[in-house]
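Encoded as structure tokens, the structure appears first; notes follow it.
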């Protein structure tokens, strides 16, 4: 029988730094909950809002797969690999920090906030050469479908990372039902509701709720309203 865990939007940890407001699904920085440290290889899921013209100064990362998904506005990225790029809604960014990188992230627009998801996964290879990837997300042109936006295969759809993980996103109209089958035995899925209301196995989920499911081969999402979802299919055990 499938095992599940529910993390409601209201139960998340939070931080308010004035220019940055962040909701933490899992333990992060000043928020620590021993029952919510990670979901398998998924270590961080932060829902960030950055004021206009503000951002994160240069800071380091190593041996982590870091994914950013803007939900509104645009984010300027610069790193020690020489990359400089802007990402906005409809795009996904991935970095393999590997042996170590420094980077900055700033809201380009001085008048409007930027909202984005910051997601960290433990890698399945340590001390790899750092790398950067950025691609468009095609959910707008494929309604009522789950669109793959991340995988472990450079030749597959979406960005790729050093982990046996697959991310799918979908914009679903009210009444739509979509089935999801796990890509690898031993993986679980963490479903994050970006907008609207859905059901999984009878559990009603609303905007910014998170729902983990594992020990099953597949599950069905039912959209009770127009909705947008992110499915993170990740190993439940990490080396």
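General remarks:
- For residue 100, the requirement of being touching a strand residue (DSSP E or B) at 6+ places or on another chain (Cβ under 9 Å) and farther than 19 Å from residue 166 by Cα is met.
- Boolean, residue 164 is within 16 Å of the chain's Cα centre (by Cα) and surrounded by fewer than 21 Cβ atoms within 10 Å (Cβ to Cβ): yes
- Some residue of region 170-186 being under 24 Å from residue 124 (Cβ atoms) and either without any contact (Cβ under 8 Å) to a residue 40 or more places away in the chain or buried (at least 23 other Cβ atoms within 10 Å of the Cβ) (or both): yes
- Residues located in region 204-237, provided they are assigned to a strand (DSSP E or B), in contact with a strand residue (DSSP E or B) (Cβ under 6 Å, 6 or more places away or on another chain) and surrounded by fewer than 16 Cβ atoms within 10 Å (Cβ to Cβ): 218, 220
- Residues that are farther than 22 Å from residue 65 by Cα and either at pLDDT below 95 or not in a strand (DSSP E or B) (or both) within region 16-32 comprise 17, 18, 19, listed in sequence order.
- Residue list for region 1-15, restricted to those being part of a loop (DSSP other than H, G, I, E, B) and over 20 Å from residue 207 (Cα atoms): 1, 2
- Here residue 201 does not fit the description of being over 19 Å from the mean Cα position of the chain (by Cα), within 23 Å of residue 43 (Cα to Cα), surrounded by fewer than 16 Cβ atoms within 10 Å (Cβ to Cβ) and touching a residue at least 12 places away in the same chain (Cβ under 8 Å).
- Considering region 150-160, and only residues there that are touching a residue at least 60 places away in the same chain (Cβ under 8 Å) and outside any loop (DSSP other than H, G, I, E, B), the residue that is surrounded by the fewest Cβ atoms within 10 Å (Cβ to Cβ) turns out to be 160.
Let's see how each residue does on (1) under 24 Å from residue 147 (Cα atoms); (2) surrounded by fewer than 21 Cβ atoms within 10 Å (Cβ to Cβ); (3) out of contact with any strand residue (DSSP E or B) (no Cβ under 6 Å at 6 or more places or on another chain):
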{"site": "13", "(1), (2), (3)": "no, yes, no"}
{"site": "41", "(1), (2), (3)": "yes, no, no"}
{"site": "60", "(1), (2), (3)": "no, yes, no"}
{"site": "67", "(1), (2), (3)": "yes, no, no"}
{"site": "86", "(1), (2), (3)": "yes, yes, no"}
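The values are calculated or read from the model by the stated rules, or taken from the named source; none is laboratory data. What you are looking at is a predicted structure, and each value in this text was computed from that prediction instead of being measured. Cβ: placed from backbone, ideal geometry, glycine included. Neighbour counts: every protein chain shown.
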